[in-house]
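K.L.:
Sharing a structure below in structure tokens format, with a few things to ask.
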Amino acid sequence: MSNVFVSTHPLIRHKVTLLRKQDTEHRKFRDLVREITILLAYEATQDLALEPMTVQTPLAEAQGYQLRERIGLVPILRAGLGMVNGIWELMPQAQVWHIGLYRDERTLKPVEYYNKLPVSPTVQVVLILDPMLATGGSAVATVDILKRWGAGRIKFLGIIGAPEGVEALSSAHPDVAIHLAALDEHLTPEPQKPGDPPAGFIVPGLGDAGDRQFGTG
Ligand code: PRP
């Protein structure tokens, strides 16, 4: 799929491995999410448009550039929140618009519970932030919301994706670039016996990114 980018950057690979470890504690987990997001955003913003800008150095005028488009970050609550601060370090002017979705544990379908987008779009480029792309339901629903809003160019930034989620998002929205730090094997099936993990978790994955960031797991 031409619009799917899985990072091969050594720093990202190293940090994702630490993120997966089950004994990585909450504080370290949050740090890693922020650091991986900075690296991913660096890769995902290579095609942002520029316009010329002149500045005065202590010696002379210099021709330079500034970003031409306004950037919006859309973290999907809760887990996407941990990805905002890293990008703000790179692009402090980025607007942040939250979308609240949770995945119904039984149906695995996304349920919307928060959306305060203004009536008209205020940005030209939107980066959707969510560490996990599992079935893809949350990401597809978020792109649906943003397209109805009138968002121009949309990219999805995730840390770990499952093939099922990549397929769902890229079939529903082939124009949305998907940037991932890792592409994993599959999703867990329906549990067959007591002790089996719940359905719809990414394998090998990292568990529940929301719980691991917020200490609620
Ligand atoms: C997780 C994750 C994604 C979603 C991915 O959120 O952060 O938003 O599930 O699953 P999908 O691709 O199958 O839709 P969750 O519903 O656990 O909510 P939380 O972030 O509040 O913990």
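The values are calculated or read from the model by the stated rules, or taken from the named source; none is laboratory data. In this text the structure is predicted, and so the values were computed from the model without any measurement. Positions of Cβ are generated from backbone atoms using ideal geometry, with glycine treated the same way; all protein chains shown enter the neighbour counts. Heavy atoms of the whole protein, side chains included, go into the accessibility calculation; ligands, DNA and RNA do not. Shrake-Rupley method; radii C 1.70, N 1.55, O 1.52, S 1.80 Å.
K.L.:
Which numbered condition in (1) within 9 Å of the ligand (Cβ to nearest atom); (2) under 16 Å from the mean Cα position of the chain (by Cα) is the only one that D211 fails?
P.N.:
For D211, the exception is condition (2).
K.L.:
Do you know which residues across the range 105-121 are near the ligand (Cβ under 10 Å from one of its atoms) and open to solvent by less than 90 Å² (accessible area, probe 1.4 Å)? I'd like the intermediate steps shown before the answer.
P.N.:
Here is the first cut: in the range 105-121, the ones near the ligand (Cβ under 10 Å from one of its atoms) are 105, 108-111, 113.
Selection gives L108, P110, V111.
K.L.:
Taking the conditions exactly as written (of a type outside the set (D, E, K, R), free of Cβ contacts under 8 Å to residues at least 24 places away in the same chain and either over 22 Å from T216 (Cα atoms) or in contact with a helix residue (DSSP H, G or I) (Cβ under 8 Å, 6 or more places away or on another chain) (or both)), does P110 satisfy them or not?
P.N.:
Values: of a type outside the set (D, E, K, R): yes; free of Cβ contacts under 8 Å to residues at least 24 places away in the same chain: no; either over 22 Å from T216 (Cα atoms) or in contact with a helix residue (DSSP H, G or I) (Cβ under 8 Å, 6 or more places away or on another chain) (or both): yes.
So P110 does not fit the description; no.
K.L.:
Regarding the range 136-146, can at least one residue be identified that is in a loop (DSSP other than H, G, I, E, B), within 9 Å of the ligand (Cβ to nearest atom), open to solvent by 40 Å² or more (accessible area, probe 1.4 Å) and in contact (Cβ under 8 Å) with a residue 12 or more places away in the chain?
P.N.:
Within the range 136-146, the first condition is being in a loop (DSSP other than H, G, I, E, B), and the residues that meet it are 136.
Retained after the next criterion (residues that are within 9 Å of the ligand (Cβ to nearest atom)): 136.
Next cut, open to solvent by 40 Å² or more (accessible area, probe 1.4 Å) only: none.
Taking every residue of the range 136-146 in turn, none turns out to be in a loop (DSSP other than H, G, I, E, B), within 9 Å of the ligand (Cβ to nearest atom), open to solvent by 40 Å² or more (accessible area, probe 1.4 Å) and in contact (Cβ under 8 Å) with a residue 12 or more places away in the chain.
K.L.:
Something else about it: Enumerate the pairs (first residue in the range 53-79 and closer than 30 Å to G210 by Cβ and open to solvent by 20 Å² or more (accessible area, probe 1.4 Å); second residue anywhere and among the aliphatic types (A, V, I, L, M) and within 16 Å of the ligand (Cβ to nearest atom)) with beta-carbon separation below 8 Å, excluding pairs fewer than 6 apart on the same chain, so at least 6 apart or on different chains.
P.N.:
L77/I99; L77/L101
K.L.:
Looking at the range 179-199 only, could you name the residues that are within 13 Å of the ligand (Cβ to nearest atom) and over 17 Å from R20 (Cα atoms)?
P.N.:
P198, A199
K.L.:
OK, next. Return the total of residues in the range 147-174 being open to solvent by 20 Å² or more (accessible area, probe 1.4 Å), part of a loop (DSSP other than H, G, I, E, B) and within 9 Å of the ligand (Cβ to nearest atom).
P.N.:
Here the count works out to 0.
K.L.:
Sticking with this one: Output the number of residues of the range 80-94 satisfying the condition of being touching a strand residue (DSSP E or B) at 6+ places or on another chain (Cβ under 9 Å) and open to solvent by less than 30 Å² (accessible area, probe 1.4 Å). Quick ask: steps written out before the conclusion?
P.N.:
Taking the range 80-94 and keeping what is touching a strand residue (DSSP E or B) at 6+ places or on another chain (Cβ under 9 Å), we get 80-84, 87-88, 91, 93-94.
Checking the rest, the ones that are also open to solvent by less than 30 Å² (accessible area, probe 1.4 Å) come to 80, 82-84, 87, 91, 94.
Adding up the residues that qualify gives 7.
K.L.:
Still on this structure: Identify the single condition in (1) out of contact with any Gly (no Cβ under 9 Å at 6 or more places or on another chain); (2) within 13 Å of the ligand (Cβ to nearest atom) that G217 does not satisfy, given that it satisfies every other one.
P.N.:
Unmet condition: (1).
K.L.:
Can you tell me which residue is nearest to A79 (Cα to Cα) among those in the range 124-135 that are away from the ligand (no atom under 12 Å from the Cβ) and open to solvent by less than 10 Å² (accessible area, probe 1.4 Å)? Write out each step before concluding.
P.N.:
Narrowing the range 124-135 to residues away from the ligand (no atom under 12 Å from the Cβ): 124-127.
If we keep only those that are open to solvent by less than 10 Å² (accessible area, probe 1.4 Å) as well, we get 125-127.
Values: V125: 21, V126: 17, L127: 15 Å.
The selected residue is L127.
K.L.:
What about R30, is it open to solvent by 80 Å² or more (accessible area, probe 1.4 Å) and under 18 Å from the mean Cα position of the chain (by Cα)? Before the answer, list the steps.
P.N.:
Working: open to solvent by 80 Å² or more (accessible area, probe 1.4 Å): yes; under 18 Å from the mean Cα position of the chain (by Cα): yes.
Yes, satisfied.
K.L.:
Of everything in the range 185-207 that's touching a helix residue (DSSP H, G or I) at 6+ places or on another chain (Cβ under 8 Å) and in a loop (DSSP other than H, G, I, E, B), which residue is surrounded by the fewest Cβ atoms within 10 Å (Cβ to Cβ)?
P.N.:
Applying the filter and picking the extreme gives E185.
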